[in-house]
Amino acid sequence: MGILHDDVVIIREAEKEGETTVITVNCPDKTGLGCDLCRIILFFGLSIVRGDVSTDGKWCYIVFWVAGKQRTRWSLLKKRLIEACPSCSSASGISYYRSELKPPKPSDVFLLKFCCHDRKGLLHDITEVLSELELIIHKVKISTTPDGRVVDLFFVTDTRELLHTKKRRDDTIEQLLVILGDPSITIDIELVGPEITACSQSSSFLPSAITEDIYDLELPDSLQSGTSTSDSVSIAIDNSLSPAHTLVQIICQDHKGLLYDIMRTLKDYNIQISYGRFSTKPRGKCELDLFIVQADGKKIVDPSKQKSLSSRLRIELLRPFRVTVVSRGPDTELLVANPVELSGKGRPLVFYDITLALKMLGPSIFSAEVGRHVIGDREWEVYRILLDEGEGLSVPRNKIEKGVWKMLMGWV
């Protein structure tokens, strides 16, 4: 027995401009559910400005106040949030929720391949269409031929699990043709096996500028903004205020996906939130109170575990991304890296934000690669963008670096 399917997620849309939309989730609990919900909300381009979480370990009640895009597809968002909750069963023709979970089946990987004439902002326009279609980019290889044509390979999975159908493929190609506006374009979509994706792996070599930067807590001077410094994050862990829970109190600067970064970290540490409250304050400050327990239901009393958790949270709040611009021989390369969840899920919309920033800044993209690399004890998604300098890079490298960083952090 449980609650009605449609009542698992309730969305009350904002009535006036400037107001927030309220999303309520009421379902069986599982470790990492908050992370999964925040990831979906981030994927839809929304910002969480306030949040409340309450659970008894079996059933949870979550409320998010969100703001963002005016043309958000709320019905589709509701569907995706429901899918993230523990699975549904049917009883007497009425759908209810139960807590039994089955491991998800790996999604099929498709290769989207096309060739067309290059132009400014092309890559971002393509990425925007794929995002609107809910096609998740896992790898990408982009190259420009001497005659000004681009050959793009996108390895994607379909959130809707329909790309194997002719109708879904035709709709995808049609929407790409509309945005590209190139009569000479050729587009192919095909299902690929693991041997193809293995052959498409990105270069295993990474410049030391990005691998060494992974371990640096402080932002480089080129990215300093006066708001993101080690002193701007306060993390306190206290076991005296609750007999059954460890209290984590966080004060920090807001950024895009902040709550997702915190929830992702707790999910990776297999930590359960029993009660939590999140709110944004004037001048971009955020405050969080989280009452948490370990997987065994006990407090975190080991000082080494407390220190490890605090350090990881501090890193994720200060530097959820690594951004650097380096010289690659005579060329200029932009590198962006972000950590991957232990579950294997990457951060949504990173490539979208990178290409949007470059479209606004001006430099053309000569080639691009997206791949995953194990650096230290973590897996990272690394984006490598080779910039086309043409007659000389008109945009200073530090401006590119800072512009991409601010776009990723939502400070533009």
Would you mind working out the accessible area per residue for the chain, using a 1.4 Å probe, and quoting it in Å²?
-> 47
Pull out the extension gain between residue 56 and residue 157, defined as 0.36 nm times the separation in residues minus the alpha carbon to alpha carbon distance; nm, one decimal.
-> 32.9 nm
Of 71, 39, 322, 160, ordered by accessible area with the largest first and a 1.4 Å probe, the sequence is 71, 160, 39, 322
Would you mind classifying segment 228-387 by shape? Square roots of the alpha carbon gyration tensor eigenvalues, ordered a ≥ b ≥ c; an a/c under 1.5 is rounded, otherwise it is prolate if a/b is larger than b/c and oblate if not.
-> prolate
Residues of type aspartates and glutamates that residue 105 reaches as a straight line, Cα spacing below 16 Å, ignoring anything fewer than 8 places off in the same chain | 83, 158, 161
Considering only the other residues whose Cβ falls under 11 Å of the Cβ of residue 191, what net charge follows from Lys and Arg at +1 and Asp and Glu at -1?
-> -2
Top of 335, 309, 317 by mean-square fluctuation, Gaussian network on the chain, Cα under 10 Å | 309
Counting only protein heavy atoms, what percent of the accessible surface of the chain is carbon or sulfur at a 1.4 Å probe?
-> 52
Relative contact order, percent, the chain [alpha-carbon distance under 8 Å, six or more residues apart] = 16
Any lysines with Cα under 17 Å of the residue 139 Cα? List them, leaving off those in the same chain fewer than 8 positions away.
-> 113, 345
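The values are calculated or read from the model by the stated rules, or taken from the named source; none is laboratory data. Just so it is clear, the structure is predicted and the values come from calculations on it, not from any experiment. Cβ coordinates were reconstructed from backbone atoms using ideal geometry, including for glycine residues, and neighbour counts include every protein chain displayed. Ligands, DNA and RNA are stripped out before the accessible areas are found, and what is left, the full protein with its side chains, is counted by its heavy atoms. Shrake-Rupley method; radii C 1.70, N 1.55, O 1.52, S 1.80 Å.
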